[in-house]
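Pasting a structure below so you can have a look.
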Amino acid sequence: MASYHIDQIDQKILSFLVNNARMPFLEIARECGVSGAAIHQRVKRLENNGVITGSRLLVKPQALGLNVCAFVSISLSEANKYNEVVESLRNIPEIVECHFVTGKAALLLKVYCFDNDHLMEILLNTIQNIPYVQATDTVISLDQAIERQVWVKDYKRKAVTSAGKK
């Protein structure tokens, strides 16, 4: 990604979109004191420069019956086989995140499963059967205390008086 300067208006736009990706551009424009066209242009520029990488709908895993969230660290028998192992992991839909990390393990996965039996199936019959996976260590999440998007300086909306004027 090329160096891109994010000014105060870009910060405001990002703050509003991180808090509500469906916020209409015209509403953001009013909050920023610029035209709707300017917001469209700035968002497009933020996308083109890789600052905004997309938007997506988030589904609560438990709503789909995925009641077990686990973090699985993987040690590799050969560190240079990282890419091959990651390609195999891509084919496992229960894996929602994969990070190359420092420490004893090479990879850290976030996995969602229906129950502990499903998790054990994924571990024993899928992940641990991938060539070059030497060992796994699994931690089950009991509760997710914090979930949020990356921090963007928060711009509070202007206070509205009882008469409806700012």
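The values are calculated or read from the model by the stated rules, or taken from the named source; none is laboratory data. Owing to the predicted nature of the structure, the values given are computational and were not obtained by experimental measurement. Ideal geometry is used to build each Cβ from the backbone, glycine not excepted, and the neighbour counts take in all protein chains shown. Heavy atoms of the whole protein, side chains included, go into the accessibility calculation; ligands, DNA and RNA do not. Shrake-Rupley method; radii C 1.70, N 1.55, O 1.52, S 1.80 Å.
Among the residues of region 72-121, which ones are touching a Lys or Arg at 6+ places or on another chain (Cβ under 6 Å) and either assigned to a loop (DSSP other than H, G, I, E, B) or not acidic (Asp, Glu) (or both)?
Selection gives VAL96 alone.
May I ask you to list the residues in region 80-126 that are of a type in the set (Asp, Glu) and either modelled with pLDDT under 95 or open to solvent by less than 60 Å² (accessible area, probe 1.4 Å) (or both)?
Within region 80-126, just GLU94 meets the criteria.
Right, something else. Can you tell me which of (1) touching a residue at least 40 places away in the same chain (Cβ under 8 Å); (2) in a helix (DSSP H, G or I); (3) within 30 Å of LEU124 (Cβ to Cβ) is the one PHE16 doesn't meet?
For PHE16, the failing item is (3).
Residue by residue through region 19-31, note down the ones that are assigned to a helix (DSSP H, G or I) and under 20 Å from VAL150 (Cβ atoms). Walk me through how you get there before you give the answer.
First, pick out the residues of region 19-31 that are assigned to a helix (DSSP H, G or I): 19, 25-31.
Passing the criteria: ASN19, ILE28.
Filter region 24-44 for residues that are touching a residue at least 12 places away in the same chain (Cβ under 8 Å) and of a type outside the set (A, V, I, L, M); which is most open to solvent (accessible area, probe 1.4 Å)?
HIS40
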